[in-house]
1. Under a crude label model (7 Å from the Cα following the beta-carbon direction), how far is residue 96 from residue 154 in nanometres?
2. So how much slack lies between residue 108 and residue 135, counting 0.36 nm per residue of separation and subtracting their Cα-Cα distance, in nm?
3. Need one number: nm distance between label points at residue 35 and residue 11, each 7 Å from Cα along Cα→Cβ, rounded to one decimal.
4. Percent of accessible area on the stretch 3-45 owned by carbon and sulfur, 1.4 Å probe?
5. Is there a pair in 6/141; 13/143; 5/149; 30/143; 13/95 whose C-alpha atoms are over 26 Å apart, and which pairs would that be?
6. Measuring with a 1.4 Å probe in the full set of protein chains, what accessible area per residue, in whole Å², belongs to the stretch 66-141?
Amino acid sequence: MRKSKKERQSLLKQTIKDTPFITDEELAEKFGVSIQTVRLDRLELSIPELRERIKHVAVKQLDDEVKSLPLEEVIGEIIDLELDSSAISIFEVKKEHVFSRNQIARGHHLFAQANSLAVAVIDDELALTAKANIRFTRQVKEKERVVAKAKVIHTDEEKGRTTVEVTSYVGSELVFSGEFDMYRSKTTKKAGFSNEDRN
């Protein structure tokens, strides 16, 4: 049964609150209405479009927070970051990221998104990938949106190594998973090095 406008708008508002990165197309499909109707509903409810919602979630000064590489070198858009703990990025798969014959995303783009997120989450000016164990679990197509989530699972201060687990999703489907062994500068206090030794 078709919902009333009031019911639909109430559900739409709740859906966007629960899943802020949902597209107008996905909302239209979910509620069985046109994309235009979704846009009009958003306007009436003063809910910004997806790109603005992403920027709003990423309101933190990420430029100041990411230490290990310039923000523009991160593949995908970082929307959440807690150094040495967790991070999330979104990667929109466009025409230039796919094979022309089948519109399937080239694997190195998914790897680059995950790897750069694993670097970005490290609270150190030097972070390099020492080893990676990765799995591609499903093909990703043009126009799909990949949400990568990084989580620091172990840090060995003595060896200057941090293990970061990254899982990437399209919607609720896992498309990529990886465990990245990251090399970082040994901390001066704990490792007992002077700055001269480190340089």
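The values are calculated or read from the model by the stated rules, or taken from the named source; none is laboratory data. These figures come from a predicted structure and were not determined experimentally. When we count neighbours, we look across all protein chains shown, and the Cβ atoms used for this are built from the backbone with ideal geometry, even at glycine. Note: accessible area is taken over every heavy atom of the protein model, side chains too, but ligands, DNA and RNA are not part of it. Shrake-Rupley method; radii C 1.70, N 1.55, O 1.52, S 1.80 Å.
1. Spacing of the two 7 Å Cα→Cβ label points: 3.9 nm.
2. Fully extending the segment from residue 108 to residue 135 adds 8.5 nm.
3. 2.1 nm
4. 52 percent
5. In this structure, 6/141; 5/149; 13/95 lie more than 26 Å apart at Cα.
6. Ligands and nucleic acids excluded, the result is 52 Å² per residue.
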